[in-house]
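The block underneath contains the structure these notes are about, expressed in structure tokens.
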Protein chains: 2
Amino acid sequence: MSNLEQLLARYNDVRLLGQANAVLGWDQQCYMPHGGGAARATQTAVISRITHEMFTSTPTGDLLAAAEQDNTGSDAASKDAQILRVMRRDYDQETKLPTDLVEALTRESMLAHEIWVDARKNDDFKTFAPTLQKLLDLVRRQADCLGYEETPYDALLDRYEPGLKSSDAAKVFDSIKPAIASILAKVRATPEIDDSVLRRVFPEAQQIAFGEKVVRYLGFDFNHGRQDKAVHPFCTGLDRTDVRITTRVEENWLPCALMGTMHEAGHGMYEQGFLPEDDGTPLGSAVSLGFHESQSRLWENTVGRSQAFWNKFYPELQAAFPGVLDDVSLAQFYKAINKVQPSLIRVEADEVTYNLHVLMRFELEKQLVEGTLAVKDLPDAWNAKVKEYLGIDVPSNAQGCLQDVHWSAGLIGYFPTYSVGTVLAAQLYDAALAQTPGLATDIENADYTQLLGWMRTNVHHPGRRYLPMELVERACNAPFSAEPYIAYLTTKYGAIYGA
Amino acid sequence: MSNLEQLLARYNDVRLLGQANAVLGWDQQCYMPHGGGAARATQTAVISRITHEMFTSTPTGDLLAAAEQDNTGSDAASKDAQILRVMRRDYDQETKLPTDLVEALTRESMLAHEIWVDARKNDDFKTFAPTLQKLLDLVRRQADCLGYEETPYDALLDRYEPGLKSSDAAKVFDSIKPAIASILAKVRATPEIDDSVLRRVFPEAQQIAFGEKVVRYLGFDFNHGRQDKAVHPFCTGLDRTDVRITTRVEENWLPCALMGTMHEAGHGMYEQGFLPEDDGTPLGSAVSLGFHESQSRLWENTVGRSQAFWNKFYPELQAAFPGVLDDVSLAQFYKAINKVQPSLIRVEADEVTYNLHVLMRFELEKQLVEGTLAVKDLPDAWNAKVKEYLGIDVPSNAQGCLQDVHWSAGLIGYFPTYSVGTVLAAQLYDAALAQTPGLATDIENADYTQLLGWMRTNVHHPGRRYLPMELVERACNAPFSAEPYIAYLTTKYGAIYGA
């Protein structure tokens, strides 16, 4: 075997152990009995430790160096060169992290899950605070090991969105804030949309069946994936051939499961879309969380909240819930599903206020990581931010700083990727339209075959071959820009609220 | 750290990786999408390989030898000595097996699952035959590596039931055959019991709820366990604190899920019953599959098909399915649930014919392993045995040689433990009654607290401290014997069929 082949054999063991840990994580959130949490934390921690040791060991480094040597002077666009670039980046990152830290982060974030679930259920931030402190200490140590120039937050953010700095993220937020403010001013000047039709009784089993029907139509492959219920919806690709999405159902709030299912299916189709020939290499996985989120937001919003989509699916929705929506017109429903209203829960926010949720989370977690905000002061700081950005009062920590799973899972330095992805979704959608003859007509007819095809070719298949910003340029023939997103929001909500 | 402590730290990694593989196996049978099978096989195979390498590596052997040296002359009944005995046995077994064989067996048996599921569904033995041949070749190689005196089957059987040989198993069958034949003669001489009441419509959701209520009452802990649906019911202890049981529901056949749930919960309570202080050592797990089966058969049959149990639960069953059983008396129901009738499916067989299913399976798989029966001839051989032992014709391979999951899972050399367990259940039950004041009265009142307590103390807590036959002696103050089982069957079915 060549050095590269030996390196890939080693890498593949690491990859497969990572997949095993993903199964354990999925099970924890979907099915694990409450009392199994401690054992699960130990199981995943030991796999993380073994994985990290295998990947950062001297033999891996030697094989990598030898394979790079073998590859000197060869085409930089060759697959071998692409593999070696990604491997080098990962290896250099991972070798900066001591194994005990990797193991501790895994264990603590697994243990934290049950603590967070209970704290949220009991609206009791105090029981979660020591865990959050422990996780913050660990990620801060992680940032120090990885190194950074401006803020430790950058070291963390870079793991989720390679190349993005806090200052870049701040610029994205700055560029979209005026458009959001302008739409919100129009919203306030317009009579409130009545979305009470979404709060009628929609039985759980039918909601799940309808959501699965929709995402099967969009292209989610249930032979290589499935959907389950979870406290906090997520998607996890255990493998290209086994992608799990989850949803949360509220019988009195239709969008929760339905839009959530489309969102997670967007993630899922990305995970199902890597090239089979990249199996066993580091190329067949997501380039960044921003790109991941671009796919989920695309299918949830650009498609799932569009007029053309509902032209097709509204009659089917009415039929799926006999009698429930007979008196509601398509026009009424379309407005209801696109109602803009500042609210408490990010994952259920409308398209306009969504980024404000992300912005405040970004600011708060940056302060937590930098040490300028103490954990004990988080609830007050949270509530003040919600008041400042969204203009509403937070009635409980369960609906406030305990709402999301991320911090309990050690996913800190992650939130800005939600806005990067939201912005990117619009840019990719515009590029697909510009490059694909007939796509506009297809979309008018709610036929998304070509849209998914474009994403497959331009986003899914490349996997990790290029850095995120390179991939934007290749796909869109233009640098990353918030302009398409601003135009999309302004046009769409101008029509809904400006008329 | 002492040598023993270092050895245990190493062992614990192996144990935790094994637990991770158990999660992957559970998921495969309960939730994995069909197309995920190949990836799952690779994931589990690599974990098996790494686990085997870690456990059989030179450092493990050196630590084991050093710890044994440290322990020389110390009390043989000490926990350290017990740990070292089990570790030595496992180490000596595992080092006989080459890692590539371990990895191949895991991969092929995972791949085989989906093939078996399809073959059974399509009643197509031919599509399963090459897989079965591959698995037989692998286990035969395994037997050759492990070594044996009389037959390669013994090497396989010993992994499930340490110390038991084929000739011992044959003796057990020989000792119980006359009693079975005598009861079957009585059954044939008596008008057939009408069990059509069990074939009325019992909706799935209520069946599952009732089954879970029953096993919660018996002592299965749902904070440290759960139940899901699977094609072939099983129990897997991912950890003492996370035990998964599964069931299969037929809406027109009540015993399938109900008795199956009690059966698996029996396994589950054993897995939940190991001593917390044995965590992380090889002591806190099952001593043998025969003992495992003794627990499942005890709760399924000795308890779950008893008059006292149904005195309490029959009114609750009637209430759980309103109107369905109003016209059926307790006496009728008790007879129906204990009806003896030769049938096709082992897991649904009555208590009397059950062992005949096991016996024929034992004889067939012994021939397969020894090479005296070719895979292609299995269906005919199967059908002939069913005719010989049970007197009935097999209408399809799906209900014949494809009915059970074991062979596809590489579990070959396993079947005799079902009869060992069935026989042992009666012996343990009698011992519990003899040793526990007031237990007979409790059982009359369907109070099983003391019965479970006795099993905890005498079977669960000892874990793997003693060899199976030693544990029988310690628990029952007598050697392993089929007499209690013969007496149990004869008395119970004499009353039902002899009156």
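The values are calculated or read from the model by the stated rules, or taken from the named source; none is laboratory data. In this text, all values refer to a predicted model and were calculated from it rather than measured experimentally. Here the Cβ positions follow ideal geometry from the backbone for every residue, glycine too, while neighbour counts run over all protein chains shown.
Things worth noting here:
- Among the candidates A:LYS366, A:LYS376, A:LYS339, residue that is surrounded by fewer than 22 Cβ atoms within 10 Å (Cβ to Cβ), charged (D, E, K, R) and either without any contact (Cβ under 8 Å) to a residue 60 or more places away in the chain or over 24 Å from A:PHE309 (Cβ atoms) (or both): A:LYS376
- Set side by side, the residues A:ASN12, A:ASN21 differ, and just one is more than 24 Å from B:ARG240 (Cα to Cα), of a type outside the set (D, E, K, R) and within 14 Å of chain B (Cβ to nearest Cβ), which is A:ASN12.
- Hits in region B:382-440 - residues which are crowded, with 19+ Cβ neighbours inside 10 Å, polar (S, T, N, Q) and over 20 Å from B:VAL231 (Cα atoms): B:THR417, B:SER419, B:THR422, B:GLN427
- Matching option when the condition is at pLDDT below 95 and part of a helix (DSSP H, G or I), among B:GLY61, B:GLY37: B:GLY37
- Within region A:481-499, if we keep just the residues that are modelled with pLDDT of 95 or more and assigned to a loop (DSSP other than H, G, I, E, B), the residue that is surrounded by the most Cβ atoms within 10 Å (Cβ to Cβ) turns out to be A:ALA482.
- Filter pass, B:GLN29 being modelled with pLDDT under 95 and in a helix (DSSP H, G or I): yes
- Residues of region B:72-84 that are surrounded by fewer than 19 Cβ atoms within 10 Å (Cβ to Cβ) and either part of a helix (DSSP H, G or I) or in contact with a His (Cβ under 8 Å, 6 or more places away or on another chain) (or both): B:LYS79, B:ASP80, B:ALA81.
- Condition check for A:GLN93: within 14 Å of chain B (Cβ to nearest Cβ), assigned to a helix (DSSP H, G or I), under 28 Å from A:HIS406 (Cβ atoms) and within 27 Å of the chain's Cα centre (by Cα): no
- Boolean, B:ARG305 is surrounded by 23 or more Cβ atoms within 10 Å (Cβ to Cβ), assigned by TED's automatic domain parsing to the domain that holds B:THR236 and among the basic types (Lys, Arg): no
- Residue ID - nearest to the other protein chains (Cβ to nearest Cβ), chosen from residues in region B:210-227 that are charged (D, E, K, R) and farther than 21 Å from B:PHE321 by Cα: B:ARG226
- Scanning region B:235-281 for residues that are more than 14 Å from chain A (Cβ to nearest Cβ), among the acidic types (Asp, Glu), outside any helix (DSSP H, G or I) and touching a residue at least 12 places away in the same chain (Cβ under 8 Å) yields a single hit, B:GLU251.
- Verdict on B:SER175 being hydroxyl-bearing (Ser, Thr, Tyr), at pLDDT 95 or above and closer than 27 Å to B:PRO322 by Cα: no
- Among the candidates B:TYR153, B:TYR217, residue that is among the aromatic types (Phe, Trp, Tyr) and closer than 27 Å to B:PHE415 by Cβ: B:TYR153
- Evaluated against (1) among the acidic types (Asp, Glu); (2) away from chain A (no Cβ under 13 Å); (3) under 25 Å from the mean Cα position of the chain (by Cα), B:ASP27 falls short on exactly one condition, (2).
- Any hit, region B:103-116, residues being more than 22 Å from B:GLN399 (Cβ to Cβ), β-branched (Val, Ile, Thr) and in the same structural domain as B:THR42 (by TED's automatic domain parsing): yes
- The criterion of being more than 28 Å from B:GLN19 (Cβ to Cβ), crowded, with 19+ Cβ neighbours inside 10 Å and free of Cβ contacts under 8 Å to residues at least 12 places away in the same chain does not hold for B:ALA319.
- Given (1) closer than 30 Å to B:ASP239 by Cβ; (2) more than 14 Å from chain A (Cβ to nearest Cβ); (3) aliphatic (A, V, I, L, M), number of the condition B:VAL197 does not satisfy: (1)
- For region A:450-479, the set of residues classified as of a type outside the set (A, V, I, L, M) and in contact (Cβ under 8 Å) with a residue 60 or more places away in the chain consists of A:ARG456, A:HIS460, A:HIS461, A:PRO462, A:GLY463, A:ARG464, A:ARG465, A:TYR466, A:PRO468, listed by residue number.
- Some residue of region B:117-126 being surrounded by 19 or more Cβ atoms within 10 Å (Cβ to Cβ) and under 16 Å from B:GLY413 (Cβ atoms): no
- Of all residues making up region A:36-87, the number that are closer than 19 Å to A:ASP13 by Cα, charged (D, E, K, R) and within 13 Å of chain B (Cβ to nearest Cβ): 2
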